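Here, each number is a calculation from the coordinates, and none is a lab measurement. Everything numeric in this text was worked out from a predicted model, so none of it was measured. Every residue, glycine as well, gets a Cβ built from its backbone with ideal geometry; the counts of neighbours run over all protein chains shown.
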Amino acid sequence: MTRRPAKTRNRRVVREPDRIQTRLLLWGLLGGLVVLVPLLLNVWGHAETVRLGYRLEQARAAQGRFLETNRLLRTERASLRNLTRIEKMATVDLGLRPRRPEDTIVVNLVEPVDEGDTHDPRRRMVAQSTPTASHGGSR
């Protein structure tokens, strides 16, 4: 007779959790986080400090440029407001001459001409020049 091999049942292999190895893995992860989190915070703080330093230097450079522009504009304004320069430009370039007393026109304000139309602001006062004033211009 031939011998038959015995029937073996192939059962599913069931792994049982190894509690000791799981506990060691969790403690290792926790220890790694305890070391890694402060290290990452330190690196982030250093990078932020460097970034803010660059921004501060850019702001200081811009402030220097603005102060220099302000100084130049104040100097230009002072030179443009120089009365000697303005007088020379008026006489040479524009052909104006200094005012003479006889060039002055005195204007007296009198009562309205038409009493019925006193609500119109354009007709309230009429200018009247004195007979002694000359009608010459400023040229």
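Tabulated data
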item: Loop trypsin sites (Lys or Arg not before Pro), region 12-91 (other Cβ atoms within 10 Å of the site Cβ: 13 or fewer; DSSP); result: 12, 15, 81
item: Residue 68/residue 99 FRET efficiency (R0 25 Å; Cβ-Cβ; nearest 0.05); result: 0.05
item: Kirkwood-type radius of region 19-81, with distances r between different C-alpha atoms, in Å; result: 16.5 Å
item: Amide hydrogen neighbours beyond the local backbone of residue 96, cut-off 5 Å, H modeled; result: 91
